[in-house]
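The values are calculated or read from the model by the stated rules, or taken from the named source; none is laboratory data. Worth saying up front: this structure is predicted, and the values here are computed from it rather than measured. Cβ atoms come from the backbone with ideal geometry, glycine included; neighbour counts cover every protein chain shown. Remember, those area values only see protein heavy atoms, side chains included, never the ligands or the DNA or RNA. Shrake-Rupley method; radii C 1.70, N 1.55, O 1.52, S 1.80 Å.
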Amino acid sequence: MLEEFEVTGCAFDQSGGLTFVNNSGVWSWNKTDRPVLVVSEFGGEKLQLNDCIADPEGRLLSGSCFYNPSEPYPLGKLFCVETNGAVRILDEGFHLANGLGFSVDGRTLYFTDSVARSIYAYSYDSMTGRVRDRRLFVKVDSDAGIPDGLTVDAEGFVWSAEWYGSCLARYDPAGKLERRIQIPAKQTSSLAFGGPGLLDIFVTSAAKSEPTPVMPPGYDPNTGYFGGALFHFNAGVQGRIEYRTRIETR
């Protein structure tokens, strides 16, 4: 059973199960009673992971996160987990790893550092699972929420949930803000497309207030509705089917 099992990110697996990440590493769940641990550390460092995505070849990409505003902490890395469970570092130097997504052609990878208020873009080679040319795709203003979960629609526009911001932001492929959609929860955490024709948007939110130094000016972490509900609406925009992992378990 999956009761009390922590999940900080997941991707569908081609087996019909799921691949999870959490503070203990990468897990595979193929409809058995318990998830199976795939890998828990790399180079002596704990794989304390947050959010993840499958790439076109079935690998898993995920970032480590040790963010602690009250004391010094190691910066996180962006990892690639091969289908056989082998781990590689793709990039490093991140405060709070978060949402990932691929462009429609699979040649651009988007990756979020929430504390840096940044969404980065990389050129991605799906044959080798390697990145190059990191560049800043979006820098979110300090008076807005911080970028959290992310997805890409069928038109190649990037959607980012704004924690502390009560909204979703949609950016065009050049990184220009195209629209914001208000969500009635302060801690809007992520989103995904689903439903008939992938025209429905499902939005997650978090119930427990988590104040940090990167809150926008004037944000009240003590009162109001922070979240906990799953929201659903149709914006007339079509999503895309996400890639699936092909992670082997021993």
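Confirm whether Ser123 is assigned to a strand (DSSP E or B), of a type in the set (Gly, Ala, Ser), more than 17 Å from the chain's Cα centre (by Cα) and surrounded by 13 or more Cβ atoms within 10 Å (Cβ to Cβ). When the stated conditions are applied, Ser123 passes them. For region 32-49, the criterion of being at pLDDT 95 or above and under 30 Å from Arg170 (Cα atoms) is met by at least one residue. In the condition set (1) more than 24 Å from Gly239 (Cβ to Cβ); (2) among the hydroxyl-bearing types (Ser, Thr, Tyr); (3) touching a residue at least 40 places away in the same chain (Cβ under 8 Å), Thr128 is compliant with all but (3). Being open to solvent by less than 30 Å² (accessible area, probe 1.4 Å), modelled with pLDDT of 95 or more, in a loop (DSSP other than H, G, I, E, B) and at negative phi is a property that Phe226 has. Criterion applied to Arg180, Arg250 was being of a type outside the set (Asp, Glu), surrounded by fewer than 12 Cβ atoms within 10 Å (Cβ to Cβ) and either modelled with pLDDT under 95 or part of a strand (DSSP E or B) (or both), and the one residue passing it is Arg250. Among residues of region 1-50 being among the hydroxyl-bearing types (Ser, Thr, Tyr) and touching a Leu at 6+ places or on another chain (Cβ under 9 Å), the one that is farthest from Ala192 (Cα to Cα) is Ser40. Within region 64-84, the set of residues being in contact with a Ser or Thr (Cβ under 7 Å, 6 or more places away or on another chain) and either at pLDDT below 95 or assigned to a loop (DSSP other than H, G, I, E, B) (or both) comprises just one member, Pro69. Total residues in region 3-14 satisfying the condition of being touching a residue at least 24 places away in the same chain (Cβ under 8 Å) and either closer than 15 Å to Asp33 by Cα or in a loop (DSSP other than H, G, I, E, B) (or both): the figure is 3. Candidates in region 147-177 are the residues that are touching a Pro at 6+ places or on another chain (Cβ under 8 Å) and of a type in the set (A, V, I, L, M); of these, the one that is surrounded by the most Cβ atoms within 10 Å (Cβ to Cβ) is Ala161.
Yes/no matrix, rows are residues, columns are (1) out of contact with any helix residue (DSSP H, G or I) (no Cβ under 8 Å at 6 or more places or on another chain); (2) of a type in the set (Lys, Arg); (3) outside any helix (DSSP H, G or I); (4) open to solvent by 60 Å² or more (accessible area, probe 1.4 Å):
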residue	(1), (2), (3), (4)
Val138	yes, no, yes, no
Asp143	yes, no, yes, yes
Thr188	yes, no, yes, no
Leu191	yes, no, yes, no
Ala207	yes, no, yes, yes
Gln238	no, no, yes, yes
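Of all the criteria given as (1) assigned to a loop (DSSP other than H, G, I, E, B); (2) within 23 Å of His95 (Cα to Cα); (3) under 18 Å from the mean Cα position of the chain (by Cα), the one not satisfied by Pro216 is (3).
Scanning region 36-49 for residues that are surrounded by fewer than 24 Cβ atoms within 10 Å (Cβ to Cβ), part of a strand (DSSP E or B) and under 16 Å from the mean Cα position of the chain (by Cα) gives no hits. Scanning region 21-35 for residues that are within 14 Å of the chain's Cα centre (by Cα) and without any contact (Cβ under 8 Å) to a residue 24 or more places away in the chain yields no hits at all.
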